[in-house]
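In what follows, a single structure is set out as structure tokens and then discussed.
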Amino acid sequence: HPSRKRVEPVAIVLITGLIYAFLDPGFGFSANGLMVFVSLAVSVAVVTYSYEGLQALASSRGYRVPAGLKLFPAAIAVAIICVIVSRASGFIPGYLYGFVGGLAFLGAVEPDDRKKGRLVLLAAVCLLLVSLAAWFLAVPLTDAVDAGSSWLKVAQGICVATFVAGLEGLLFG
């Protein structure tokens, strides 16, 4: 069903963002909690599409091998496990795996191992650049947040979460 294809990815990202919000020991249902949730949901989408989505795009356009991003509802279970392990061990800022989907080849033909390796390298470099850009944006945003704008606080939260999730995704992926 066409509407399900649009709603399911958004639902998975939102649910995953909500679960990851519990990595923050002070998370609660408040204005600050909403900012944490939005920051994490957006960063999960950015990290997933920067890595897995780019591989699908590069495969489809560069190698003419149809590919797409397949979202995994199991990412919700992974998020829950990450939160439980992080909170139980006192690991701060917490383990935020970040990916809620993966590359899926859509035809009978897949790229050879060399091309797959290039796709992974391209995506890893892209995610590293996105993570570093998020870090460099977070620094001036942190100073601006002190001035008081809640939207700047959300932007800063997105940048910090993208940096953390991107690096953790690269390290553990």
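The values are calculated or read from the model by the stated rules, or taken from the named source; none is laboratory data. Worth saying up front: this structure is predicted, and the values here are computed from it rather than measured. Neighbour counts run over all protein chains shown; Cβ positions are idealised from the backbone, glycine included. Ligands, DNA and RNA are stripped out before the accessible areas are found, and what is left, the full protein with its side chains, is counted by its heavy atoms. Shrake-Rupley method; radii C 1.70, N 1.55, O 1.52, S 1.80 Å.
What are the residues in the stretch 42-51 that are in contact with a helix residue (DSSP H, G or I) (Cβ under 7 Å, 6 or more places away or on another chain) and buried (at least 20 other Cβ atoms within 10 Å of the Cβ), if any? The answer is S43, V44, A45, V46, V47, S50, Y51. Do any residues in the stretch 79-95 that are in contact (Cβ under 8 Å) with a residue 60 or more places away in the chain and aromatic (F, W, Y) have Cβ atoms under 6 Å from those of residues that are in a helix (DSSP H, G or I) and open to solvent by less than 50 Å² (accessible area, probe 1.4 Å), where the two are at least six apart or on different chains, and which pairs are they? Listed pairs, sorted by first residue: Y95/C82; Y95/S86.
Kindly establish whether G102 is in contact (Cβ under 8 Å) with a residue 40 or more places away in the chain, open to solvent by less than 90 Å² (accessible area, probe 1.4 Å) and assigned to a loop (DSSP other than H, G, I, E, B).
Values: in contact (Cβ under 8 Å) with a residue 40 or more places away in the chain: yes; open to solvent by less than 90 Å² (accessible area, probe 1.4 Å): yes; assigned to a loop (DSSP other than H, G, I, E, B): no.
It is false that G102 is in contact (Cβ under 8 Å) with a residue 40 or more places away in the chain, open to solvent by less than 90 Å² (accessible area, probe 1.4 Å) and assigned to a loop (DSSP other than H, G, I, E, B).
When R61, R4 are checked against the criterion of being open to solvent by 40 Å² or more (accessible area, probe 1.4 Å), more than 21 Å from F163 (Cα to Cα), at pLDDT below 85 and outside any loop (DSSP other than H, G, I, E, B), R4 stands alone in meeting it. Considering (1) outside any helix (DSSP H, G or I); (2) open to solvent by 50 Å² or more (accessible area, probe 1.4 Å); (3) not aliphatic (A, V, I, L, M), the lone condition that G107 does not fulfil carries the number (2). Set side by side, the residues V78, V83 differ, and just one is within 28 Å of V7 (Cβ to Cβ), open to solvent by less than 80 Å² (accessible area, probe 1.4 Å) and touching a Leu at 6+ places or on another chain (Cβ under 9 Å), which is V83. No other residue among A67, A134, A56 is buried (at least 22 other Cβ atoms within 10 Å of the Cβ), touching a Ser or Thr at 6+ places or on another chain (Cβ under 7 Å) and over 18 Å from E168 (Cα atoms) apart from A67.
For the stretch 31-41, the set of residues classified as open to solvent by 60 Å² or more (accessible area, probe 1.4 Å) and either under 16 Å from P93 (Cα atoms) or at pLDDT 85 or above (or both) consists of L34 only. The C-beta contact set for the stretch 107-128 (first residue among the charged types (D, E, K, R), second residue surrounded by 11 or more Cβ atoms within 10 Å (Cβ to Cβ) and in a helix (DSSP H, G or I), distance under 9 angstrom, 6+ apart or interchain) comprises E110/S59; E110/K116; K115/S59; K115/G62; K116/Q55; K116/S59; R118/A58; R118/G62.
Determine which member of the set G28, G17, G94 is open to solvent by less than 40 Å² (accessible area, probe 1.4 Å) and on the phi > 0 side of the Ramachandran plot.
Numbers: G28 fails: on the phi > 0 side of the Ramachandran plot; G17 fails: on the phi > 0 side of the Ramachandran plot.
Just one listed residue meets the conditions, G94.
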